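Colleague: This structure is in structure tokens; I'll ask about it shortly.
Where a number appears in this text, it was derived from the coordinates with a stated rule and is not lab data. Predicted model, so just to flag it, every value in this text is computed and none were measured. Counting neighbours? That spans all protein chains shown, and the Cβs are built from the backbone with ideal geometry, glycine included.
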Amino acid sequence: MIPAIKIEQVQKHYGNLQALRGIDLAIEQGEFFALLGPNGAGKSTLINLLAGLIRPTSGRLSVMGFDVQTQYRQARHALGVVPQELVFDPFFNVREMLRFQAGYFGLGPENDAWVDEIIECLGLADKAHTNMRKLSGGMKRRALIAQALVHKPPVIVLDEPTAGVDVELRQMMWEFIKRLNREGHTIILTTHYLEEAETLCSRVAMMKQGQIIALDSTANLLKKIPGKNLRLKLSAALPETLRPLLRHEEGNEYMLALTEVAQVERVLSQIREANIVVEDMQLIEADLEDVFVDLVGQP
Amino acid sequence: MNLISIEMRGPWTLFKKELLRFWRVSFQTVAAPVMTALLYLLVFSHVLEGRVQVHGVNYTSFLIPGLIMMSVLQNAFANSSSSLIQSKVMGNLVFVLLTPISYLEFFLAFLAAAIARGLVVGLGIYLVVILFIDLPIIHPLLVLAFTILGSALLGAFGIVAGMWADKFDQMAAFQNFIIMPLSFLSGVFYSIHSLPPFWQEVSHLNPFFYIIDGFRYGFFGVSDMSPAVSLSIVALSFFAIAWLALHMLKSGYKLRG
């Protein structure tokens, strides 16, 4: 099967700045894929390259087998992009804007039923005749998602779709996107919310400074952090001997990384020897954030 | 919509969107320029009528085609340039850039909308003026040809300016330091034969002069230059600016980094 996305040896330079330093990545059809990384890692650059909004310095990108430069018409038909910024056209209402967007893809009145369905599914029905300017931030976000779907693209890219979105909308949005994934759409998202990637995505690429530093199934990445996290609230500072285990600290709360549960015993005895009282304690499963912190060096 | 082939639906939609964009604010984009032109006409004709005759035509009649064309040109420019700069600054240009619409289709849609705005404003002024003043049109086809070519030239120029400008004040500078001087110094208010020789020569370098002179010929059958020469110069200017605009669009200048 043709991969939904194929990225080969892609580099992007802005003058001396190397935004992407040789990216290779294939995303299969039907995947729910997450692109993680701190700000400036190159996630948005990669998405903009896929969308044809910028051009690579070298390398090739294709969407559903169509080269994004030489076969840009087919590639763009196959791709729906939800941009990160809350951009909108202030002249039109939601329905007009969606119909125009469908029209740009060569779709006419025969597509109106689908437009109405998206409006319904995203909870925009009572705002269909409201000017885009007058929508709240959350509603604008829904409209952006709707706009990316008007031409029924097999591949959908969401760039930080939940930034600044309240919990209720976030859940509704994910339900809808999960449904699209079940119906066969390939979903690619970038997010800062690692728990979202962990619960939704089957595969994850982690980026840092223009490179992919980890690419694996979510389950495998989680396996890379064996052990558990021990959260401790202490009456005094953590003994120096335990510092090597420290993952992060906040006041007198410490998160220690353990490779096995048996370590708890040793940790506690050292604390006791230092005459420090344990005020609170919790043993937590490692999550994607830990993998992320280990690889990227910052949450 | 059914008359439009599936391949042409994309650019056709963009054209319709651009039309609707200015029509939604027609008070500002059509009524205001009509009003401004009528005020010019009222003031200048009141002051100068009876004192000045140009090519044997009384001053008020002479002035009208110039004013119509000046408004046509300024509005054609404003249409494409303001749409582009606005959607660039707002960020919503991305919705068009994400679609399969080619750079040539993009150009044609913006150009056609600019021409439409020019025609609507020009027609608006003409229809109001003829309520009060008897204005012949000797060569209607020439009038139409200069209107379309003139607004096409300025529409294409507006695309260039809209792509180049990053901020509204850069666009205002374009409008105030290029478009306004070119239109005011083009013979809208006078025949260039009334200028000193040096300024006559300078006027010959201004493409707006040929548009207005040829347009005026369509009404009265008299002009400073031969209409064929004017038409050729305007057409050549259009092709030059259109080539520049297309070249910029194709290279993705400031649109696709």
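Colleague: Please give the contour-minus-distance gain from A:I2 to A:S202: 0.36 nm per residue of separation, less the Cα-Cα distance, rounded to one decimal in nm.
Modeller: Here the segment from A:I2 to A:S202 would lengthen by 70.1 nm.
Colleague: In deg cm²/dmol and to the nearest 500, what is the mean residue ellipticity at 222 nm of chain A if only DSSP H runs of at least 4 residues count, each as -39500 (n - 2.57), divided by the residue total?
Modeller: -9500 deg cm²/dmol
Colleague: Dipole of the protein assembly as shown, Cα-centred, from +1 at each Lys and Arg C-beta and -1 at each Asp and Glu C-beta, to the nearest 20 debye?
Modeller: Here the size comes out at about 1120 debye.
Colleague: Quick one: helix B:59-90 against the long Cα principal axis of chain B, what's the angle to the nearest 10°, folded into 0 to 90?
Modeller: Result, in degrees: 20.
Colleague: I would also like to ask the following. Between A:Q211 and residues 5 or more places away or on another chain, which pairs have amide H atoms under 5 Å apart, with H built 1.01 Å from N, and which residues are they?
Modeller: Amide H neighbours of A:Q211, under 5 Å, 5+ apart: A:R21.
Colleague: Computed over the Cα atoms of segment B:91-132, what is the ratio Rg over Rh, Rh following Kirkwood?
Modeller: We get a ratio of 1.28 for segment B:91-132.
Colleague: Could you work out, for segment A:228-287, what percent of all Cα-Cα pairs fall into each 10 Å distance bin, beginning at 0 Å and stopping at the bin that holds the largest distance?
Modeller: For segment A:228-287, the binned pair fractions read 24, 65, 12, 0 percent.
Colleague: Could you tell me how far the Cα centroid of segment A:109-125 sits from the Cα centroid of segment A:260-299, in Å?
Modeller: Between the Cα centre of segment A:260-299 and that of segment A:109-125, the gap is 50 Å.
Colleague: May I pose another question? Can you pull the three principal axis extents for the Cα set of the protein assembly as shown, in Å, largest first?
Modeller: Largest first, the protein assembly as shown extends 111, 49, 44 Å along its Cα principal axes.
Colleague: Size of the dipole of chain B about the Cα centre, Lys and Arg at +1 and Asp and Glu at -1 on the beta carbon, nothing else charged, in debye to 20?
Modeller: Around 760 debye, computed over chain B.
Colleague: Pairing the Cα long axis of helix A:263-273 with the longest principal axis of chain A, what angle in degrees results, from 0 to 90 and rounded to the nearest 10?
Modeller: That helix lies at roughly 50 degrees to the long axis.
Colleague: How far is helix A:94-104 tilted, in degrees, relative to the longest principal axis of the Cα atoms in chain A, given as a value from 0 to 90 rounded to the nearest 10?
Modeller: Once rounded, the angle reads 70 degrees.
Colleague: Treating only the Cβ of Lys, Arg, Asp and Glu as charged (+1, +1, -1, -1), what charge dipole size does segment A:173-216 show about its Cα centre? Round to the nearest 20 debye.
Modeller: In total the dipole reaches around 140 debye.
Colleague: Below 19 Å Cα-Cα, how many Lys pairs turn up in chain A? Only count pairs eight or more apart in sequence, or on different chains, if you could.
Modeller: 7
Colleague: May I pose another question? Using Cα centres only, tell me the gap between segment B:63-101 and segment A:1-76 in whole Å.
Modeller: With segment B:63-101 and segment A:1-76 each reduced to a Cα centre, they are spaced 32 Å.
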